[in-house]
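Have a look at the structure below before the remarks.
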Amino acid sequence: MRFTEVFTGLLLLSLISAFFLPAELTKSARNIQAVFYPVARPAGAVGAAFAKRFADADVPDNRKLTDIRMENDQLRQMVSQLTAELLELQQLNADRQMVGDLRQYCTPVRVVGTDSGKRESLALLGGTGQGIRSGQPVLALKGLVGKVHSAGVGGSQVMLVTDREFRAIGEFRRFERNAQSGEARYVATGATPPVVKGAGEDGLMTITNVPLKETAAGKNDMPDIEPVKVGDVVVLNDDEWPYARGRWLGHVESIEPNRSAPLFAQITVRPALNLAALREVQVMTRTPDDAAATAGSVLTPQQ
Amino acid sequence: MRWVAYFILVYIAIGLQVGLQAHIRTDGGSRPDLILLAVIFIALNAPRDQALLGAFGIGLVTDLVTVGPLGLYALAYSIVGMFVVSAQELVSRSHPVTHFAVGLVGALLAGLTVLIHGWIKGPGTSISAMLGSALYTAALAPVALGVLQLMRGAFAFTARRRSGSF
């Protein structure tokens, strides 16, 4: 067989695989991320060193130092209060409730690097040997990183929340302090559950289903609803992610009228941390249901 | 062509791309395609058959480390390989302007393939990011390809045979 015919056949196979075959068919055969770790890791360290030296500072925090200290004190009090409430509920309820950090259900995994193409993903050093499976939530210090896209013996790939294929329902929240009582709390803002979508290459997320009138950029004629403002936190609140509910997705960076649908807002959300530069993530390889099955009692997903 | 040197080049190129990409991308999301530069180097210097097979192989390995579909970069880089192979006889392989031009056109071809795939099958990609990435890759091409050209002896490329168009 001549080379031209062989090459034409290979091209046709690539075309069929890329444009016609469902991606799920080829997921299991594609995990060799760990192979590139010896090169990717040192290269990433060098890149990070240069980036740190020449890049701008992180997202500026313009708050006064006294305000930050006061907020920290309020948060400590809130954590203490919530912990006490949680202990009280546990005593009242016969069934065991999920306690502590989700970290107990997670496996820490080293990051090899980012996507080799134009997508927003992370290559992980761990694979099926560490209990990693497709669809598992991936967490980091401040919130949700994404979900496992594919896992194999040679590594796994995580689709980031900023990838264009990512979709999840969230909730807007704002940390507020009552001026009179000094009590601190997280309040929900807006009314319509936002559908958070990854924006792709620029490492952001967008929300386009929230009416403009529910935001500070619109005419707020809904007095019972706190309008969404720049700086509000976007947290995960999706039934498809029951155990990662409440995890941070990011902060509202801008709110503008949607050009193609003027009654709706174009909300840009910036992730809470630089996802592409993570060195380690926590993959939720177990769920409270798995733990309960092992322990012999019933647990419910986090509300 | 020495295939051991080829595989080492592929390994290093993909490792660098995976490790460095997060730190060298611009705020607008443009990122250079270091793997494409390896494809161009092979396609510029190797005989036609080996160049095309090499380009396809690099694309296939790239597909294994991305969340995109298997075969997309195999197709994209094969198209780039075909273009560069057809231009082998017309260009000066070691001139920086050649490197820039071939890098730019190659990145645009690869980006266009990914863009078309995004339009047809989703998710879509940004045209501006694609153009930015092409320029970024082209800007790095004279440096990267210049260095690789100095090491072409390790690949033992054989003399090119005149062949019909693909």
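Where a number appears in this text, it was derived from the coordinates with a stated rule and is not lab data. Since this is a predicted model, take the numbers as computed values, not measurements. Note that each Cβ is placed from the backbone with ideal geometry, even for glycine, and that neighbours are counted across all protein chains shown.
Values for this structure:
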| item | result |
| --- | --- |
| Listed peptides B:97-108, A:14-25 by packing density, highest first (mean Cβ within 10 Å) | B:97-108, A:14-25 |
| Degrees, to the nearest 10: A:65-92 long Cα axis against longest axis of chain A | 90 degrees |
| Exercise: per-residue mean of other protein chain Cβ atoms within 10 Å, A:4-11 | 5 |
| Listed peptides A:106-113, A:129-136, B:127-134 by packing density, highest first (mean Cβ within 10 Å) | A:106-113, B:127-134, A:129-136 |
| Shape category assigned to region A:182-246 from the gyration tensor of Cα positions, a/c cut at 1.5 | oblate |
| Region A:215-281 and region B:46-106: distance between their alpha carbon centers, rounded to Å | 41 Å |
| Relative contact order of chain B, defined on C-alpha pairs under 8 angstrom at six or more residues apart (%) | 29 percent |
| Calculated FRET value between A:Gln180 and A:Lys52, using beta carbons and R₀ = 51 Å, to 0.05 | 0.75 |
| Quarter of the Cα convex hull surface for region B:18-85, i.e. its orientation-mean projected area (nm²) | 4.7 nm² |
| Per-residue mean of C-beta atoms belonging to partner chains within 10 Å, peptide B:48-54 | 3 |
| Cβ-based exposure ranking for A:Tyr186, A:Tyr105, B:Tyr73, B:Tyr11, in which fewest neighbours within 10 Å come first | A:Tyr186, B:Tyr11, A:Tyr105, B:Tyr73 |
| Theoretical FRET efficiency, 1/(1+(r/R0)^6), r = Cβ-Cβ of A:Asp239 and A:Gln104, R0 25 Å, to 0.05 | 0.65 |
| Relative contact order for chain A, counting Cα pairs under 8 Å that sit 6 or more residues apart, in percent | 18 percent |
| Rough spin-label spacing in nm, given labels placed 7 Å along Cα→Cβ, for A:Val153 and A:Asn72 | 5.0 nm |
| Inter-label distance, nm, simple model (7 Å from Cα along the C-beta direction), B:Arg93/A:Ser80 | 7.4 nm |
| Candidate lysines - alpha carbon under 19 Å from A:Lys229, same-chain residues fewer than 8 apart omitted | A:Lys197, A:Lys213, A:Lys219 |
| Packing-based order for B:141-151, A:34-44, using average beta carbon neighbours within 10 Å, highest first | A:34-44, B:141-151 |
| Degrees between helix B:127-150 axis and first principal axis of chain B (Cα, 0 to 90, nearest 10) | 30 degrees |
